[in-house]
Every structure is written in structure tokens, then in C-alpha cells.
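Novice: Quick one: this structure, given as C-alpha cells, is what I'll be asking you about.
No lab work stands behind these numbers, since they all come straight from the coordinates. Since the model is a prediction, treat every value here as computed from it, not as a measurement. A quick note on method: Cβ atoms are made from the backbone with ideal geometry, for glycine too, and the neighbour counts reach across all protein chains shown.
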Amino acid sequence: QMDPSLAAPVLGGLLQSICTSFDELASHSSPAPSGNDEVRLFVMPAEAQIVLAATFGLIPEFGKAGSAARPQGFWPAPGTVLEVSAVPDLRTGSIAVRLLYGGAPLAADLPWPALRTRLAMSLE
């Protein structure tokens, strides 16, 4: 979908912060985020939403969601928010990443270990 190394100049600091926060949460004994352990990020700039969706490997899903909300194409409508949050992954006992676009799930939850590997490629 895109060369992951291209994301670092645009979102390097944000990707590093996401990795650090989710790694810390995943290292806890309980996979269920609660209280101060909650990780939630709201991305509002359209450019950041697009690069983040591409880095996560979700541009087709992002395009469909954007097209449904806006006939001009997948560019996010003003005021649209991409929400990134940690949720329990009951299959693995770890955490997963949930992305909501305009309040609706963008795709199935992404297991953190696999997504972490993908993000690491973007940070190299």
C-alpha cells in the first residue's frame, strides 16, 4: 500500500509515542486497559489521518469510509476524527488496536504484536 519508511518523516514522533504507549500497556500482566492504563489517541488533521491509515495498512478501508461520508473521495471531511485506542485481545491475551473513523470501526481490531512489527519498519 505504501513504503512504510515514508511515514517516519511525517509521523515519526507520533509513531514512536504510539509504540511506547502500547508497548507499556502490553507489558502489564492484564490485557484489559483500565484507569490510568488506557491508551487513546484522536487524530484530526486530514494529512495525519491518511498517513497513519496507510502506515497501519488500512488505506482501502479508509478510502471506503471516506467515500461513504463524502462524495469527493477518501479525503477526510472537515471535523472527521480518526480514533486509535487499545482494547483487550482475548485470543492472544495481549492487546489490540481499534481504529474508529467518524465513530465507526474502520476495520477489525489489529493485534498489537503484528502492528508493532509493521510500525517498527516505519521507524527504521
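Novice: Out of curiosity, is G93 touching a residue at least 24 places away in the same chain (Cβ under 8 Å), more than 18 Å from L41 (Cβ to Cβ) and not charged (D, E, K, R)?
Specialist: On the way: touching a residue at least 24 places away in the same chain (Cβ under 8 Å): yes; more than 18 Å from L41 (Cβ to Cβ): yes; not charged (D, E, K, R): yes.
Answer is yes for this residue.
Novice: Condition first: among the hydroxyl-bearing types (S, T, Y) and closer than 12 Å to V39 by Cα. Now tell me which residues in region 85-109 satisfy that. Can you show your working first?
Specialist: Our first condition is that a residue be among the hydroxyl-bearing types (S, T, Y); within region 85-109, this holds for 85, 92, 94, 101.
Across region 85-109, the qualifying residue is only S85.
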